[in-house]
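A.B. asks: Take a look at the following structure, please.
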Amino acid sequence: KAKREGKRSFRFYDAALQEEVVKSRELENHLRDALEAGELEVFFQPQVGVSSGRVEALEALARWHSPTLGQISPGRFIPVAERSGLIVPLGALVLREACRFAAGLEAQGLPSLRVAVNVSARQLLQEDFAETTLRVLEETGLAPSLLEVEITETTLMESFDRVSETLRHLREKGVRVALDDFGMGYSSLTYLRRLPLDTLKIDRSFIVDSRREGNRVITRAMVRLGHDLGLEVVAEGVETEEHRAFADEAECDVIQGYWYSRPLPPEEVRAFLSRQGDL
Ligand code: C2E
Ligand code: MG
Ligand code: MG
Ligand code: MG
């Protein structure tokens, strides 16, 4: 009997898996069309300096509103884009839009804001990633020091030497490098020691669970470690006054989260900056 059930549950699993594959294939096809149709947009989430109280940077985040499927979250389409290779054109689009937007603020005489762009392994492993990035900076007129690329530990696991060489090259030109979602991966400390970095972004889960003493202790230690390595430390996912106070007390340098602002469409960024008194 057990054997028969085993077989049946295997078939069930198989069918579920197959459905999953079909769905992601479908999503992939939609995404390919969406990229061509210009359905992908870039939103910007402010990062606020703890001591200055001012917006210091914006993180660029991809958004997809499909006329047929509705709003699809990056949590769904980014993995599909990564698996299919569509992350390369998608990432290029985000990078260009982000640089153009930041350069535009600067050109309007507004205080220069840095823009942070998430970069996937597939993108970084493109032979011409550094060149393309530098060309985008040149074409948009954005100073290299106003661009920060955000990578995660997953990005690094694939091909550490090549990735860090590319990052080193960009950094020599003035581009900044941030390690995103810090604390969630496996070999964080090795990466910290061996990577050319400017910024450490403490993963949201540590801030959200800030009531747990264990989390508080670890967060403080991560911040201290970042500072001792000469890095700027960003707290992600600050949603409440309690989170903000904790990030402050743990001595994070920069705060990002719904508490200040959700990711905003480009046309709302200026209004946000002026409300903050930053214009
Ligand atoms: P991430 O790079 O860690 O980006 C931060 C995510 O946290 C964003 O989710 C942001 O909307 C969300 N967030 C910000 N503040 C808060 C908060 O206070 N509370 C909560 N609960 N969430 C907050 P989003 O935009 O859904 O993106 C999810 C992930 O998708 C990103 O995580 C990043 O890994 C990836 N992603 C987004 N855009 C791109 C892109 O252009 N390229 C690549 N390669 N990945 C991207
Ligand atoms: Mg990020
Ligand atoms: Mg993150
Ligand atoms: Mg994340």
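The values are calculated or read from the model by the stated rules, or taken from the named source; none is laboratory data. Just so it is clear, the model here is predicted, and its values are computed rather than measured. Because the Cβ atoms are built from the backbone with ideal geometry, glycine has one as well, and the counts that use them run over all protein chains shown. To get the accessible areas, we keep the full protein, side chains included, count just its heavy atoms, and leave off ligands, DNA and RNA. Shrake-Rupley method; radii C 1.70, N 1.55, O 1.52, S 1.80 Å.
A.B. asks: Residue 47: touching a residue at least 24 places away in the same chain (Cβ under 8 Å), within 14 Å of the chain's Cα centre (by Cα) and open to solvent by less than 10 Å² (accessible area, probe 1.4 Å), yes or no?
C.D. replies: Taking the combined requirement at face value, the residue satisfies it.
A.B. asks: Could you tell me which of the residues 114, 122, 135 is under 25 Å from residue 160 (Cα atoms), among the basic types (Lys, Arg) and within 18 Å of the chain's Cα centre (by Cα)?
C.D. replies: The unique qualifying residue is 122.
A.B. asks: Quick one: count up the residues across the stretch 63-78 that are of a type outside the set (Val, Ile, Thr), open to solvent by less than 70 Å² (accessible area, probe 1.4 Å) and either in contact (Cβ under 8 Å) with a residue 40 or more places away in the chain or within 17 Å of residue 236 (Cα to Cα) (or both).
C.D. replies: The number of residues fulfilling the criteria is 4.
A.B. asks: I'd like the full set of residues that are modelled with pLDDT of 95 or more and open to solvent by 40 Å² or more (accessible area, probe 1.4 Å), limited to the stretch 102-125.
C.D. replies: Hit for the stretch 102-125 is 118, nothing else.
A.B. asks: If we keep just the residues of the stretch 163-183 that are among the aliphatic types (A, V, I, L, M) and without any contact (Cβ under 8 Å) to a residue 60 or more places away in the chain, which is nearest to ligand 2 (Cβ to nearest atom)?
C.D. replies: 179
A.B. asks: Moving on to the next point. List pairs: first in the stretch 142-158 and in contact (Cβ under 8 Å) with a residue 60 or more places away in the chain, second assigned to a loop (DSSP other than H, G, I, E, B) and open to solvent by 20 Å² or more (accessible area, probe 1.4 Å), Cβ under 9 Å, 6+ apart or cross-chain?
C.D. replies: 148/198
A.B. asks: Exactly one of (1) under 23 Å from residue 103 (Cα atoms); (2) surrounded by 15 or more Cβ atoms within 10 Å (Cβ to Cβ); (3) among the acidic types (Asp, Glu) is unmet by residue 181. Its number?
C.D. replies: Condition not satisfied by residue 181: (1).
A.B. asks: Let me ask you something else. Yes or no: residue 103 under 21 Å from residue 232 (Cα atoms) and more than 16 Å from ligand 4 (Cβ to nearest atom)?
C.D. replies: no
A.B. asks: If you take the residues of the stretch 231-270 that are within 18 Å of residue 104 (Cα to Cα) and open to solvent by 50 Å² or more (accessible area, probe 1.4 Å), which of them is modelled with the lowest pLDDT?
C.D. replies: 270
A.B. asks: Test residue 81 against the criterion of being outside any helix (DSSP H, G or I) and in contact (Cβ under 8 Å) with a residue 12 or more places away in the chain, and give yes or no. Show your work before the answer.
C.D. replies: Numbers: outside any helix (DSSP H, G or I): no; in contact (Cβ under 8 Å) with a residue 12 or more places away in the chain: yes.
So residue 81 does not fit the description; no.
A.B. asks: I'd like the full set of residues that are open to solvent by 30 Å² or more (accessible area, probe 1.4 Å), away from ligand 3 (no atom under 11 Å from the Cβ) and modelled with pLDDT of 90 or more, limited to the stretch 184-204.
C.D. replies: Listed by number, the list holds a single entry, 198.
A.B. asks: From the list 93, 58, pick out the single residue that is among the hydrophobic types (A, V, I, L, M, F, W, C), closer than 18 Å to residue 265 by Cα, within 18 Å of the chain's Cα centre (by Cα) and surrounded by fewer than 18 Cβ atoms within 10 Å (Cβ to Cβ).
C.D. replies: Just a single option satisfies the conditions, and that option is 93.
A.B. asks: In addition: Does residue 210 fit the bill of being open to solvent by less than 20 Å² (accessible area, probe 1.4 Å) and either in contact with a helix residue (DSSP H, G or I) (Cβ under 8 Å, 6 or more places away or on another chain) or within 12 Å of ligand 4 (Cβ to nearest atom) (or both)?
C.D. replies: When the stated conditions are applied, residue 210 passes them.
A.B. asks: Here is a follow-up. Evaluate the following for residue 97: is it touching a strand residue (DSSP E or B) at 6+ places or on another chain (Cβ under 9 Å), more than 16 Å from ligand 3 (Cβ to nearest atom), assigned to a helix (DSSP H, G or I) and of a type in the set (D, E, K, R)?
C.D. replies: yes
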